[in-house]
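The values are calculated or read from the model by the stated rules, or taken from the named source; none is laboratory data. Keep in mind it's a predicted model, so treat the numbers as computed, not measured. Please note: Cβ atoms are built from the backbone with ideal geometry, for glycine as well, and neighbour counts cover all protein chains shown. The area values use the complete protein model at the heavy-atom level, side chains included, leaving out ligands, DNA and RNA. Shrake-Rupley method; radii C 1.70, N 1.55, O 1.52, S 1.80 Å.
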Amino acid sequence: MHVCPWWLAYSFDNGLRRLIDPVDEALSKWVKPGMTVLDFGCGMGHFSIGAARMVGKGGKVIAVDLQDRMLEVMMRRADKAGVVDIITPHKCSAHEIGYAGVVDFVVSSFVLHETPDIAVALQEIYSVLGEGGGFYLTEPRMHVKADFFTKEMTTAAKLGFNVEVLVPAMLAYKAYMTK
């Protein structure tokens, strides 16, 4: 299992990313005010902070990561962005999310390929997602080969997700799934 070190995340979770991968553009079709969103592998908060702005004071974002340092940096950034009261940090393990609630939407960006067992990770995501809920997934084209992404989509479909593969972006494969 490979886990991106917290310090390396600064190289791709920065102002440039916010310009080329704006959260509102990626999620506005699905994430609405008042929703509960889980960011699986939140890193330094790119999607957590953006989703918190979208769900507003009546919503909630569960920011999940297995590295304490990522969660600490993400919460500092959330505080600076004025959304710290909407985000709840949640430390997971390498093998389970460990979140007992139900969410309306899950986002996972550039993380699924790092999990030790893709099927287990997808099953965990499926289990926290409410009926009819959505799951937006991106994977980095620079690290993940097309056939591996296809395998992830096949695994998701076998677990019960309705899978729609989206047009890839310059840096990422993308999919939207529903339960």
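Which value, in debye to the nearest 20, describes the size of the charge dipole of the range 73-179 about its Cα centre when Lys and Arg Cβ atoms bear +1, Asp and Glu Cβ atoms bear -1, and nothing else is charged?
With Lys and Arg at +1 and Asp and Glu at -1, about 300 debye.
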With the dipole of the chain defined by +1 on each Lys or Arg Cβ and -1 on each Asp or Glu Cβ, the option from Tyr173, Val83, Ser48 whose Cα lies farthest towards the positive pole is Val83
Which length gain, in nm to one decimal place, applies between Glu96 and Lys57 when the Cα-Cα distance is subtracted from 0.36 nm times their residue separation?
-> 11.2 nm
What FRET efficiency would be calculated for the residue pair Asp85, Val165, taking the C-beta separation as r and a Förster radius of 45 Å, to the nearest 0.05?
-> 0.80
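Determine, for the range 44-164, the count of lysine pairs separated by eight or more sequence positions (or lying on different chains) whose alpha-carbon distance falls under 26 Å.
Numbers: Lys57/Lys80; Lys57/Lys91; Lys60/Lys80; Lys60/Lys91; Lys80/Lys91; Lys145/Lys158.
Lysine pairs meeting both conditions in the range 44-164 amount to 6.
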Once both labels are modelled 7 Å past Cα along the beta-carbon direction, what's the Lys151-Ser127 spacing in nm?
-> 2.3 nm
In terms of modelled amide H atoms, which long-range or inter-chain residues lie less than 5 Å from the amide H of Val107?
-> Leu38, Asp39, Phe40, Tyr136
To the nearest Å², the heavy-atom accessible area per residue of the range 30-71 with 1.4 Å probe amounts to 31 Å²
Give the shape of the chain as rounded, prolate or oblate, defined through the alpha-carbon gyration tensor: a ≥ b ≥ c are the square roots of its eigenvalues, a/c under 1.5 means rounded, and otherwise the shape is prolate if a/b is larger than b/c and oblate if not.
-> rounded
Given charges of +1 on the Cβ of Lys and Arg and -1 on the Cβ of Asp and Glu, with all other atoms neutral, how large is the dipole of the chain about its Cα centre, in debye to the nearest 20?
-> 360 debye
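Could you please state how large a percent of the accessible area of the range 21-179 is carbon and sulfur, counting protein chains only and using a 1.4 Å probe? Working shown, then result.
Working: 3810 of 7080 Å².
That share works out to 54 percent.
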What ranking, highest mean first, results for peptides 162-173, 39-50 when packing means the other Cβ atoms within 10 Å averaged over each residue?
-> 39-50, 162-173
